1. Here are the criteria: (1) within 23 Å of the chain's Cα centre (by Cα); (2) of a type in the set (A, V, I, L, M); (3) over 17 Å from ALA259 (Cβ atoms). Tell me which single one ALA211 does not satisfy.
2. Can we say ARG96 is surrounded by fewer than 24 Cβ atoms within 10 Å (Cβ to Cβ), at pLDDT 95 or above, over 15 Å from the mean Cα position of the chain (by Cα) and at positive phi?
3. Just to be sure before I move on: is THR129 surrounded by 15 or more Cβ atoms within 10 Å (Cβ to Cβ), among the polar types (S, T, N, Q) and out of contact with any strand residue (DSSP E or B) (no Cβ under 7 Å at 6 or more places or on another chain) in the structure I sent?
4. Hey, among the residues in segment 224-268 that are among the charged types (D, E, K, R) and without any contact (Cβ under 8 Å) to a residue 24 or more places away in the chain, which one's farthest from VAL191 (Cα to Cα)?
5. For PHE276, indicate whether it is at pLDDT 95 or above and on the phi > 0 side of the Ramachandran plot.
6. Filter segment 177-198 down to residues that are surrounded by fewer than 23 Cβ atoms within 10 Å (Cβ to Cβ) and under 20 Å from GLU223 (Cα atoms), then give me how many there are.
7. May I ask you to list pairs of residues, at least six apart or on different chains, whose Cβ atoms are under 9 Å apart, with the first in segment 93-118 being farther than 17 Å from VAL62 by Cβ and the second being basic (Lys, Arg) and assigned to a loop (DSSP other than H, G, I, E, B)?
8. Name the pairs: first residue in segment 176-189 and touching a residue at least 12 places away in the same chain (Cβ under 8 Å) and within 19 Å of ALA264 (Cβ to Cβ), second residue of a type in the set (Ser, Thr, Tyr) and buried (at least 17 other Cβ atoms within 10 Å of the Cβ), Cβ to Cβ under 8 Å, at least 6 apart or on different chains?
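The values are calculated or read from the model by the stated rules, or taken from the named source; none is laboratory data. Every value quoted in this text rests on a predicted model; they were computed, and no experiment measured them. Cβ sites come from the backbone with ideal geometry, for glycine too, and all protein chains shown count toward neighbours.
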Amino acid sequence: MTVLSFNRASRLSRRSLLAGLALAAVALRPGIGRAQAAQRIVAAGGVITEILYALGRQDLIVGVDTTSLHPPEAMRDKANVGYVRALSAEGVLSLRPTVLVAIEGAGPPDTVKLIAEAGVKVERVGEDTSEKGVVERIRVIGRLAGVEAKAEELAAAVERDFALLKQQRDAVTAKKRVLFVLSLQNGRAIVGGKGSSADAIIAHAGAINAAEAVEGYKPVTDEGIISAAPDVILMMQRGNHAAAPAEVFALPAFSATPAAARKALVTMDGLYLLGFGPRTPEAARDLMAAVYGLNGDSGSRRP
């Protein structure tokens, strides 16, 4: 057998497996052929899981990805289908879903295509980080979950929170420069530049992105960090994204920034900070409070 024919046979074998899983899923769904089956959702994206729980439709979820960290019970109670950008078709299909609700960046693309070919409906949800994008995401997921009225209530509450946030943001007269550091690899920083989710949350918080000269998430040189002149360093709290002030400001580049004088390092939960779901106005207010030394009273809050 040639390599080409072996590869083709492997692909056919895998597709046969997926087809078998899909047929088994249909056979095991109660009421198929007599009535519409209840939705069984695999949520690929922490923000999707968060919104479904906020809407009270966690009962529809049969699987979540590893970014689904809020609320904590999601990872405890639901099956884990892996990292959002490295999904397994077999793992997803084994849960017998009727629909995969996935953020735009979920993948890999070939895996999502295989899931769709196996008969599972795939619904993509945009990752727009604007106020309008956050509110529309709630409405879209509400429609998918069949709770449009409840989604509209939540969307309206979030719109009010954004309006309050704007009032607080407009009161800032001297904007500070914030540098989001995604990670420190061997002392070299990867930062969130223009167009990144970090850029968006910094703007929502009424600050200036010190890495505005960079596009997306990119590594920067020591000279780049010094020239960015951040007043505050922003990082996530968990895993290899986290670092202590002593570690950060011991690095020569960071020790030469305005942030070093006050050891101004702000750390926040990653999904809370960069998820762009219902808690985004609250997260932006908390970031604003940390950056500008406010009292942190952010008005209405949702868990």
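1. (3)
2. Values: surrounded by fewer than 24 Cβ atoms within 10 Å (Cβ to Cβ): yes; at pLDDT 95 or above: yes; over 15 Å from the mean Cα position of the chain (by Cα): yes; at positive phi: yes.
Yes.
3. In short, yes.
4. Just the residues of segment 224-268 that are among the charged types (D, E, K, R), to begin with: 231, 238, 247, 262-263.
Right, trim to without any contact (Cβ under 8 Å) to a residue 24 or more places away in the chain and you get 262-263.
On the way: ARG262: 20, LYS263: 18 Å.
Going through the qualifying residues, I end up with ARG262.
5. Numbers: at pLDDT 95 or above: yes; on the phi > 0 side of the Ramachandran plot: yes.
Judged against the criteria, PHE276 is a match.
6. Initially, segment 177-198 is screened for residues surrounded by fewer than 23 Cβ atoms within 10 Å (Cβ to Cβ), giving 177, 182-188, 190, 193-197.
The next check asks that each one be under 20 Å from GLU223 (Cα atoms); those that pass are 177, 182-188, 190, 193-194.
Of the residues in that region, 11 qualify.
7. GLY105/ARG85; GLY107/ARG85; PRO108/ARG85
8. Final answer for the pair search is LYS176/TYR292; LEU179/THR257; PHE180/SER196; LEU182/TYR217; ALA189/SER183.
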